[in-house]
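Visitor: Here it is: the structure, laid out below.
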Ligand SMILES: [Zn+2]
């Protein structure tokens with residue numbers, strides 16, 4: 001990443017908390033290579049097209065996050081037909097699992113004084129009686145990178161258990177709640193996912209007719225998947241390793257900050 005000046009770097013990569021600058025978890029994690037992205041760029045019409053797809057898909061993700069957070073705060077989410085299937089999927093999830101949270105535990109800023117980083121967690125909650133970090137993703141899968149991100153959040157929360165909004169309990173669980181929406185071919189079971197204006201069709205591997213099928217798509221359906229992540233120590237070690245590399249990469253800026 002290239003930054004215009006120090007202010008651009010500080011805004012783009014961190015937060016100021018109590019007069020101190022902390023690098024952001026998501027910025028630190030971006031140091032890790034993402035091989036799947038190469039294929040995405042290679043398949044794209046052009047680089048600028050790929051960027052606009054990413055941007056639009058991020059804005060769709062933000063809308064879903066906002067709706068989820070509104071529901072958890074007992075507010076009425078924005079009625080947007082584009083994301084309605086995903087919102088319905090989230091309500092479905094809430095019907096099957098107990099989620100206990102409070103307004104101040106949603107979109108909560110967290111930081112580590114020991115390791116010096118900061119972030120914003122989606123939801124700190126009790127899920128089916130266990131307490132921890134619930135991170136919402138609107139992706140087509142649950143990728144391993146999420147382990148790094150959520151381990152950082154959990155590490156910071158374990159250090160500083162001073163939150164006031166929820167009963168003080170050890171934060172020792174992490175979950176990814178994946179919410180997505182897609183269409184299914186009524187003939188062959190292939191799926192079509194439209195994200196950021198880009199369609200991705202996955203043929204049904206269990207159906208040999210799927211490759212040549214003239215698909216007939218269903219209405220858009222929401223889906224959800226909850227995954228508990230284990231192996232915190234190993235993930236947190238890897239995150240702190242990524243942070244070392246990130247600091248090395250950004251040494252010239254960090255020196256100016258007096259980091
Ligand atoms: Zn089909």
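Visitor: Mind counting the residues in the range 25-63 that are in contact (Cβ under 8 Å) with a residue 12 or more places away in the chain, closer than 20 Å to residue 124 by Cα and out of contact with any strand residue (DSSP E or B) (no Cβ under 6 Å at 6 or more places or on another chain)?
Guide: Adding up the residues that qualify gives 3.
Visitor: Check the range 75-93 and report whether any residue there is under 26 Å from residue 34 (Cβ atoms), in contact with a strand residue (DSSP E or B) (Cβ under 7 Å, 6 or more places away or on another chain), away from the ligand (no atom under 16 Å from the Cβ) and modelled with pLDDT under 95.
Guide: Checked against the condition, which is being under 26 Å from residue 34 (Cβ atoms), in contact with a strand residue (DSSP E or B) (Cβ under 7 Å, 6 or more places away or on another chain), away from the ligand (no atom under 16 Å from the Cβ) and modelled with pLDDT under 95, the range 75-93 yields no hits at all.
Visitor: Here is a further query. Being within 27 Å of residue 50 (Cβ to Cβ), outside any strand (DSSP E or B) and more than 8 Å from the ligand (Cβ to nearest atom) is the filter here, so list the residues in the range 196-210 that pass it.
Guide: The answer is 196, 197, 205.
Visitor: Just checking: which of the helices (runs of 4 or more DSSP H) contained wholly in the range 10-115 hold 2 or more residues that are under 30 Å from residue 255 (Cβ atoms)?
Guide: 25-29
Visitor: Let me ask something else. Starting from residues that are buried (at least 18 other Cβ atoms within 10 Å of the Cβ), touching a residue at least 40 places away in the same chain (Cβ under 8 Å) and farther than 30 Å from residue 129 by Cα, keep the ones in the range 173-195 and report whichever is farthest from the ligand (Cβ to nearest atom).
Guide: 195
Visitor: Further, regarding this structure: Within the range 1-24, track down each residue that is without any contact (Cβ under 8 Å) to a residue 40 or more places away in the chain and surrounded by 11 or more Cβ atoms within 10 Å (Cβ to Cβ). Spell out the reasoning first.
Guide: Of the residues in the range 1-24, the ones without any contact (Cβ under 8 Å) to a residue 40 or more places away in the chain are 1-2, 4-5, 7-8, 11-12, 16, 18-20.
Result: 1, 8, 11, 12, 16, 20.
Visitor: Looking at the range 116-133, which of its residues are more than 22 Å from residue 12 (Cβ to Cβ) and outside any strand (DSSP E or B)?
Guide: Those that are more than 22 Å from residue 12 (Cβ to Cβ) and outside any strand (DSSP E or B): 128, 129.
Visitor: Before we move on, is residue 136 under 23 Å from the mean Cα position of the chain (by Cα), in contact (Cβ under 8 Å) with a residue 40 or more places away in the chain and assigned to a loop (DSSP other than H, G, I, E, B)?
Guide: no
Visitor: Restricting the range 211-253 to residues that are more than 23 Å from residue 178 (Cα to Cα) and not in a helix (DSSP H, G or I), which is farthest from the ligand (Cβ to nearest atom)?
Guide: 250
Visitor: Being closer than 26 Å to residue 157 by Cβ and touching a helix residue (DSSP H, G or I) at 6+ places or on another chain (Cβ under 6 Å) is the filter; apply it to the range 25-64 and report the residue that is surrounded by the fewest Cβ atoms within 10 Å (Cβ to Cβ).
Guide: Residue satisfying both the conditions and the ranking: 32.
Visitor: Out of all the residues in the range 117-145, which are surrounded by fewer than 16 Cβ atoms within 10 Å (Cβ to Cβ), under 25 Å from residue 240 (Cβ atoms) and modelled with pLDDT of 95 or more?
Guide: Answer for the range 117-145, where residues must be surrounded by fewer than 16 Cβ atoms within 10 Å (Cβ to Cβ), under 25 Å from residue 240 (Cβ atoms) and modelled with pLDDT of 95 or more: just 120.
Visitor: Let me ask something additional. Exactly one condition in (1) outside any strand (DSSP E or B); (2) in contact with a helix residue (DSSP H, G or I) (Cβ under 6 Å, 6 or more places away or on another chain) is not met by residue 181; state its number.
Guide: Every condition holds for residue 181 apart from (1).
The values are calculated or read from the model by the stated rules, or taken from the named source; none is laboratory data. The structure presented is a predicted model; accordingly, all values stated were derived computationally and were not measured. Cβ atoms come from the backbone with ideal geometry, glycine included; neighbour counts cover every protein chain shown.
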